[in-house]
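Student: Handing you a structure now.
The values are calculated or read from the model by the stated rules, or taken from the named source; none is laboratory data. A quick note: this is a predicted structure, and the numbers were derived from the prediction, not measured. Heads up, the Cβs are rebuilt from the backbone with ideal geometry, glycines too, and the neighbour counts pull from every protein chain shown. Side chains are part of the model used for accessible areas, which takes the heavy atoms of the whole protein and leaves out ligands, DNA and RNA. Shrake-Rupley method; radii C 1.70, N 1.55, O 1.52, S 1.80 Å.
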Amino acid sequence: MRPSSILLRVGAGLLVAGGLLLPATAAGATDPSEPSTSGAEPPIGWSEATAEALEALPLQHGGRVKPLRTWADYKLLAIANARKVTVERGGEELKIDAVQWALDCFFDPDLAATYRVVQVDDWDVLRAAGVDLDGFQGTHKKRDRWSYEQLRPVRDELMRRAQRAQAKATDERTREETQTLDLALKIRSLEGVMGALDPLRAGISAPSGTPLADLAVDGRVDLVTILQDLDTFREVLAGAGEAGQQVARQVAAVMESAEASAFHELALLPPVGTVSEEPEWLDLGDTLVAVLSGARSSELASPALDALGSALTGASDRDDAAVRAGLERFAGLVEPVADQRGELGRVGSEVTFQKQQLFTKSLVAFILAFLLGALSFLPGVSWLGKGAWGAASMGAAALVGGIAWRCWLNGRPPITTLYETAPFIGACGILLAMGLERLQRQRVALTAGSAFTVAVLFLSFVLEKQDAAASGDSMKSLVAVLDTNFWLSTHVTTVTFGYCAGLFAWLLATVWLLALPFVRRIEAAGRKVTWHSSLIRSVYGVVVFGLLFSLVGTILGGIWANYSWGRFWGWDPKENGALVIVLWQLVIVHARLGGMIKDLGMALLTVVLGSVVVFSWFGVNQLGVGLHSYGFTTGASTAITICHWTNAALVGFGLLAGRLGRGAGK
């Protein structure tokens, strides 16, 4: 039981001086089974200033303090599989971002329930739950987004099916059961966001003829108003007899709802103590308890609740300025406390980081660089290669800048999670490609490097979405064994650079193999293809380069293991994977130096190296054993299998195209 659960009951007891409290459904709270009244009020036209007021609010989530912008971005990404969604508001379609979506969820949940934001991967899941899909044939695709309003009729059935699926082991679930469970989690998450402020929105009956009735609207008074004057409220209850007991029951129900649906992950109120004394921020339930119990944080909690209450009042009046004023007042209360605790410093910078989306911008630049580089091989347009250089340079600057910015926000080296390996490998890959291009000036390395980075960045977006669904963030707190900056900045960074070199060498070897039949025809006609021979030399150079980093990184990993676990080597699957990379690269280098392989053999062995690197990077994490099993990635096993079969096909193609023993050598 959370500490606030105990305090909740103590505070509620103090509130009614020992009166009988019976649990019930919170008055005014969102009930999924109730039909929506959306459309009864015109939508609130949120101004940019109001969005800025909300996005900058600091909160504690996932073990760190971050802006609400980050939280909203990843919440929407987990539910809708996107950071922006197209919604219908006021009779017109608009594309809104996560902060505007959060504003509607918090302050106009009935409208937010009509937004098609819940990603459904296969509508057969809905059919099985009882949705008549015939009525949605023209408006929805098999894989599409649905609104909460559309899913409401089958919500309970989906939850029952998800509960049955959850009781099974992961490897025993069918595809439909897995998708049902994922959909149920998205719906529950959306309900939490839309109902986050429900306890403050709840109305309590005001007995007629009492001072409380003077504060009521249509016979009801909101919880925030009650908490502002608890002494008067206690007097009202004491003199109201059975009516007072009825009100007490409603208050108890609201408080129980606050504990259940206060959205514990949305901790917006910092304690007034130091971080060492009180490390955990207060969510809405904790804040209500602090006011009721007169705790140390009540001096901040009471006006903070009042500020949120005024924002809710402004929302009910469809007044954007009043909502903004309430949010700004709330920020003015919590930010000085957070700053005094030393937790506010980088929140503002993280807002800007999230809005800039440098990795997405770099992806666009690399796609452009690849297209320009590929087109530059056409006759008469080699000058497009300069454009490819410009686009790749801009992309590299954005990517490296984004990684450096994340490092500063995290206060840690660039690689702390599996997700962060992808942007890092992409950055190293494009820098390596640009270095090769400066040496060879054939436009092949730069074009291949741009394609390599595009692929890795797409992979990073997949991993980021999985992080959003699993933990709601990509800047996660680390397990204790990883939270050591020195070893993160040496072993992990070095060995990941080795991954990058191995994968980039694989790409160059693949290009060489695929071009081999065409190059043979051109050379048979008496023309020399210089870039092809230069490319295989680059493959060898990159393999040697990768061997250096893989070997050093593996040794540093052993030193870290001795420091953390008391042994240099324990035959952990991840350790074995790193060792296999080093051994296979040694095989390639020795075979080449010893004359056992020539160009074709070099390319074929490097293609196999690609599978070895993928196995070490992702494959060993899928085994679910060893000290690195925390890197398990949903769906990776299928992708890894496809990768291995693709490489096997490439080897077969190379053997066939090269006619082993002729022309290209062994």
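Student: Among what's in the stretch 572-588 and is within 30 Å of Val519 (Cβ to Cβ) and crowded, with 16+ Cβ neighbours inside 10 Å, pick the residue that is nearest to the chain's Cα centre (by Cα).
Tutor: Taking the candidates together, the pick is Ile581.
Student: Would the stretch 263-276 turn up any residue that is out of contact with any Ser or Thr (no Cβ under 6 Å at 6 or more places or on another chain), within 26 Å of His61 (Cβ to Cβ) and at pLDDT below 70?
Tutor: The answer is yes, given that some residue of the stretch 263-276 is out of contact with any Ser or Thr (no Cβ under 6 Å at 6 or more places or on another chain), within 26 Å of His61 (Cβ to Cβ) and at pLDDT below 70.
Condition check ((1) aromatic (Phe, Trp, Tyr); (2) at pLDDT 85 or above; (3) in contact with a Lys or Arg (Cβ under 8 Å, 6 or more places away or on another chain)) across all residues:
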| residue | (1), (2), (3) |
| --- | --- |
| Leu457 | no, yes, no |
| Asp473 | no, yes, yes |
| Trp487 | yes, no, no |
| Trp512 | yes, yes, no |
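Student: How many residues are within 25 Å of Thr530 (Cβ to Cβ) and either crowded, with 18+ Cβ neighbours inside 10 Å or out of contact with any helix residue (DSSP H, G or I) (no Cβ under 9 Å at 6 or more places or on another chain) (or both) if we restrict to the stretch 589-600?
Tutor: Count: 6.
Student: Can you tell me which residue is modelled with the lowest pLDDT among those in the stretch 429-445 that are aliphatic (A, V, I, L, M) and open to solvent by 10 Å² or more (accessible area, probe 1.4 Å)?
Tutor: This residue is Leu439.
Student: Among Ala325, Ala315, which is assigned to a helix (DSSP H, G or I), modelled with pLDDT of 95 or more, over 30 Å from Ala397 (Cβ atoms) and aliphatic (A, V, I, L, M)?
Tutor: Ala325
Student: Return the only residue of Lys75, Lys66, Lys95 being part of a strand (DSSP E or B) and open to solvent by 20 Å² or more (accessible area, probe 1.4 Å).
Tutor: Matching residue, one of Lys75, Lys66, Lys95: Lys95.
Student: What is the number of the single condition among (1) more than 28 Å from Asp110 (Cβ to Cβ); (2) open to solvent by 40 Å² or more (accessible area, probe 1.4 Å) that Glu328 does not meet?
Tutor: Result: Glu328 fails condition (1) only.
Student: Determine whether the stretch 514-528 contains at least one residue that is assigned to a helix (DSSP H, G or I), modelled with pLDDT under 95 and among the basic types (Lys, Arg).
Tutor: So far as the stretch 514-528 goes, yes, one or more of its residues are assigned to a helix (DSSP H, G or I), modelled with pLDDT under 95 and among the basic types (Lys, Arg).
Student: Only one of (1) under 30 Å from Ser471 (Cβ atoms); (2) over 28 Å from the mean Cα position of the chain (by Cα); (3) in a helix (DSSP H, G or I) fails for Asp286. Which number is that?
Tutor: The single condition Asp286 does not satisfy is (2).
Student: I've got another one for you. Which numbered condition trips up Lys168, out of (1) in a loop (DSSP other than H, G, I, E, B); (2) touching a strand residue (DSSP E or B) at 6+ places or on another chain (Cβ under 7 Å)?
Tutor: For Lys168, the exception is condition (2).
Student: Could you grab me the full set of residues in the stretch 343-354 that are touching an Asp or Glu at 6+ places or on another chain (Cβ under 8 Å) and exposed (fewer than 14 other Cβ atoms within 10 Å of the Cβ)?
Tutor: Gly345 - this is the single residue of the stretch 343-354 that is touching an Asp or Glu at 6+ places or on another chain (Cβ under 8 Å) and exposed (fewer than 14 other Cβ atoms within 10 Å of the Cβ).
Student: Within the stretch 630-647, track down each residue that is open to solvent by 40 Å² or more (accessible area, probe 1.4 Å) and either modelled with pLDDT under 70 or closer than 20 Å to Arg521 by Cα (or both).
Tutor: The answer is Tyr630, Phe632, Thr634, Gly635.
Student: Suppose the filter is loosely packed, with under 15 Cβ neighbours inside 10 Å and either under 22 Å from the mean Cα position of the chain (by Cα) or on the phi < 0 side of the Ramachandran plot (or both); does Lys186 pass it?
Tutor: no
Student: Within the stretch 42-78, take every residue that is among the charged types (D, E, K, R) and in contact with a strand residue (DSSP E or B) (Cβ under 7 Å, 6 or more places away or on another chain) and give me the one that is farthest from Val347 (Cα to Cα).
Tutor: For the stretch 42-78, the residue satisfying everything is Glu55.
Student: Here's another thing I want to ask about it. State yes or no: is Leu650 in contact with a Gly (Cβ under 9 Å, 6 or more places away or on another chain), at pLDDT 90 or above and open to solvent by less than 80 Å² (accessible area, probe 1.4 Å)?
Tutor: Judged against the criteria, Leu650 is a match.
Student: Of everything in the stretch 80-103, what is over 20 Å from Leu183 (Cα atoms) and of a type in the set (Val, Ile, Thr)? Give them in sequence order.
Tutor: Within the stretch 80-103, Ile96, Val99 meet the criteria.
Student: Here are the criteria: (1) closer than 22 Å to Gly426 by Cα; (2) in contact with a Phe, Trp or Tyr (Cβ under 8 Å, 6 or more places away or on another chain); (3) small (Gly, Ala, Ser). Tell me which single one Gly541 does not satisfy.
Tutor: (2)
Student: Same structure again: The conditions are (1) in contact with a strand residue (DSSP E or B) (Cβ under 6 Å, 6 or more places away or on another chain); (2) surrounded by fewer than 15 Cβ atoms within 10 Å (Cβ to Cβ), and Ala338 fails exactly one of them. Which is it?
Tutor: (2)
Student: Scan the stretch 501-513 and tell me whether some residue there is touching a residue at least 24 places away in the same chain (Cβ under 8 Å) and under 22 Å from Gly401 (Cα atoms).
Tutor: So far as the stretch 501-513 goes, yes, one or more of its residues are touching a residue at least 24 places away in the same chain (Cβ under 8 Å) and under 22 Å from Gly401 (Cα atoms).
Student: Could you identify the single residue in Thr287, Thr313 that is of a type in the set (S, T, N, Q) and buried (at least 24 other Cβ atoms within 10 Å of the Cβ)?
Tutor: Just one listed residue meets the conditions, Thr287.
Student: Of the residues Val542, Val495, Val456, which is buried (at least 22 other Cβ atoms within 10 Å of the Cβ), of a type in the set (A, V, I, L, M), touching a Pro at 6+ places or on another chain (Cβ under 8 Å) and under 29 Å from Trp560 (Cα atoms)?
Tutor: Criteria check complete, one pass: Val456.
Student: Just to be sure before I move on: is Trp101 free of Cβ contacts under 8 Å to residues at least 40 places away in the same chain, of a type in the set (Phe, Trp, Tyr) and either open to solvent by less than 10 Å² (accessible area, probe 1.4 Å) or touching a Gly at 6+ places or on another chain (Cβ under 9 Å) (or both) in the structure I sent?
Tutor: yes
Student: Follow-up. Among the residues of the stretch 122-155 satisfying the criterion of being outside any helix (DSSP H, G or I) and small (Gly, Ala, Ser), which is nearest to Glu177 (Cα to Cα)?
Tutor: Restricting to residues being outside any helix (DSSP H, G or I) and small (Gly, Ala, Ser), the top hit is Gly130.
Student: Could you count how many residues in the stretch 545-571 are among the polar types (S, T, N, Q), in contact with a Gly (Cβ under 7 Å, 6 or more places away or on another chain) and exposed (fewer than 14 other Cβ atoms within 10 Å of the Cβ)?
Tutor: Counting residues in the stretch 545-571 that are among the polar types (S, T, N, Q), in contact with a Gly (Cβ under 7 Å, 6 or more places away or on another chain) and exposed (fewer than 14 other Cβ atoms within 10 Å of the Cβ) gives 0.
Student: I would also like to ask the following. What number of residues in the stretch 357-369 are open to solvent by less than 70 Å² (accessible area, probe 1.4 Å) and within 22 Å of the chain's Cα centre (by Cα)?
Tutor: The qualifying residues number 6.
Student: Looking at Asp198, is it more than 19 Å from Ala469 (Cα to Cα), open to solvent by 10 Å² or more (accessible area, probe 1.4 Å), of a type in the set (D, E, K, R) and at pLDDT below 90?
Tutor: no
Student: Still on this model: Looking at the stretch 350-359, which of its residues are assigned to a helix (DSSP H, G or I) and within 13 Å of Gly401 (Cβ to Cβ)?
Tutor: Correct list: Thr352, Phe353, Gln356, Leu358, Phe359.
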